[in-house]
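The values are calculated or read from the model by the stated rules, or taken from the named source; none is laboratory data. Computed from a predicted model, the values in this text were never measured in an experiment. Every residue, glycine as well, gets a Cβ built from its backbone with ideal geometry; the counts of neighbours run over all protein chains shown. We work out accessible area using only protein heavy atoms, side chains counted, and drop any ligands, DNA or RNA first. Shrake-Rupley method; radii C 1.70, N 1.55, O 1.52, S 1.80 Å.
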Amino acid sequence: MKRKTLIAGNWKMNGLLEDGTALAKAVALEAKKRGSQGCEFLVCPPFTLLTSVKKALRGSKVGLGAQDCHVAASGAHTGDISPQMLKDLGCSYVIVGHSERRADHHETSALVCQKAESAHQAGLKVIICVGETESERDSGKTLAVCQKQIKESVPQDATAENTVIAYEPVWAIGTGKTPTVADVAEVHGAIRAEISKKFGKAVAAKMRILYGGSVKPSNAPQLLSLEDVDGGLVGGASLKAADFMGIADAVCQK
Ligand code: 13P
């Protein structure tokens, strides 16, 4: 089963108007130079840059995503952004359940599940993040933690078309540390098996599962070319167009 590789950049809380727009332009240019290489490209800037990044990406095949959304379509939720608003701005994707939101904003899997469902209803695709902490890994709970997060965070209306899973071990994010290739293969296999249990074999065979956590051009060939790894969710390295595209070059077929 051939799944289209997705290389997604999560800019997190980085970028002001000038440098954020310049980064988007550079990514668009590099993506155009290369053609699609059989890959799908996505950048997820902070809310404040969505409109200017959308403009900067015009004419390229690089998609636009956001990093979070509220459950409701509108209403009295000061400071929040609804999936409909993101769709309205031209987003096609939204990340939900990133470990930084689970930790900083106490988001539970039940809430992540609701967010994903609301995003689907607004016509957005979702990237649902799961992953264990260092102490969970050290105590041998990695698979159980990821299976539970999948069970509780992926809504019933998920399909291979509207949902992407991202496995991001919390301890590998921004640390330069990565799991071994064997560990990544094991967790991705377990996540696909969990998806299969919940949605059936056909959906599981088609749903993309990304790896995220200290991905860079030098480790991308090993980490992202595994059988059950369908691309990367890239943080730090997505803030430099050359590194972001270097990761794509390492895994997307010419
Ligand atoms: P880093 O690539 O900086 O480790 O971040 C990964 C991540 O959290 C992407 O969502």
_Enumeration of residues in the stretch 223-240 that are away from the ligand (no atom under 15 Å from the Cβ) and either aromatic (Phe, Trp, Tyr) or farther than 15 Å from residue 168 by Cα (or both)_ = 225, 226, 227
*asked:* Can you list residue pairs whose Cβ atoms sit under 6 Å apart, with the first residue in the stretch 88-106 being open to solvent by less than 10 Å² (accessible area, probe 1.4 Å) and modelled with pLDDT of 95 or more and the second being of a type in the set (Ser, Thr, Tyr) and within 16 Å of the ligand (Cβ to nearest atom)? Count only pairs 6 or more apart in sequence or on different chains.
replied: 97/153
*asked:* Quick test for you: out of 6, 29, 23, 64, pick the one residue that is over 24 Å from residue 116 (Cα atoms) and touching a Phe, Trp or Tyr at 6+ places or on another chain (Cβ under 9 Å).
replied: 23
*asked:* Based on this model, can you work out whether residue 82 counts as open to solvent by less than 10 Å² (accessible area, probe 1.4 Å), over 14 Å from the mean Cα position of the chain (by Cα) and away from the ligand (no atom under 15 Å from the Cβ)?
replied: yes
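Among the aliphatic types (A, V, I, L, M), modelled with pLDDT of 95 or more and open to solvent by 10 Å² or more (accessible area, probe 1.4 Å): is that true of residue 24 in this structure? Write out each step before concluding.
Details: among the aliphatic types (A, V, I, L, M): yes; modelled with pLDDT of 95 or more: yes; open to solvent by 10 Å² or more (accessible area, probe 1.4 Å): no.
Spelling it out, it is not the case that residue 24 is among the aliphatic types (A, V, I, L, M), modelled with pLDDT of 95 or more and open to solvent by 10 Å² or more (accessible area, probe 1.4 Å).
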*Among the residues of the stretch 52-78, write down those that are more than 28 Å from residue 213 (Cα to Cα) and among the small types (Gly, Ala, Ser).*
59, 72, 73, 74, 75, 76
_Residue under question is residue 140, and the condition is that it be open to solvent by 40 Å² or more (accessible area, probe 1.4 Å) and closer than 26 Å to residue 44 by Cα; does it hold?_
no
*Kindly establish whether residue 156 is within 16 Å of the ligand (Cβ to nearest atom), modelled with pLDDT of 95 or more and within 17 Å of residue 109 (Cα to Cα).*
no
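Can you tell me which residues in the stretch 107-123 are among the polar types (S, T, N, Q) and either closer than 16 Å to residue 163 by Cβ or surrounded by 17 or more Cβ atoms within 10 Å (Cβ to Cβ) (or both)?
To start, the set of residues in the stretch 107-123 that are among the polar types (S, T, N, Q) comprises 108-109, 114, 118, 121.
Once the filter is applied, which keeps residues that are among the polar types (S, T, N, Q) and either closer than 16 Å to residue 163 by Cβ or surrounded by 17 or more Cβ atoms within 10 Å (Cβ to Cβ) (or both), the stretch 107-123 yields 109, 114, 118, 121.
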*Which residues, counting only those in the stretch 1-22, are in contact with a helix residue (DSSP H, G or I) (Cβ under 7 Å, 6 or more places away or on another chain), of a type outside the set (Gly, Ala, Ser) and away from the ligand (no atom under 15 Å from the Cβ)?*
1, 3, 5, 17, 21
_Out of the residues in the stretch 182-222 meeting the condition of being free of Cβ contacts under 8 Å to residues at least 40 places away in the same chain and among the polar types (S, T, N, Q), tell me which one is farthest from the ligand (Cβ to nearest atom)._
196
*Among the numbered conditions (1) under 25 Å from residue 61 (Cα atoms); (2) part of a helix (DSSP H, G or I), tell me where residue 127 comes up short.*
(2)
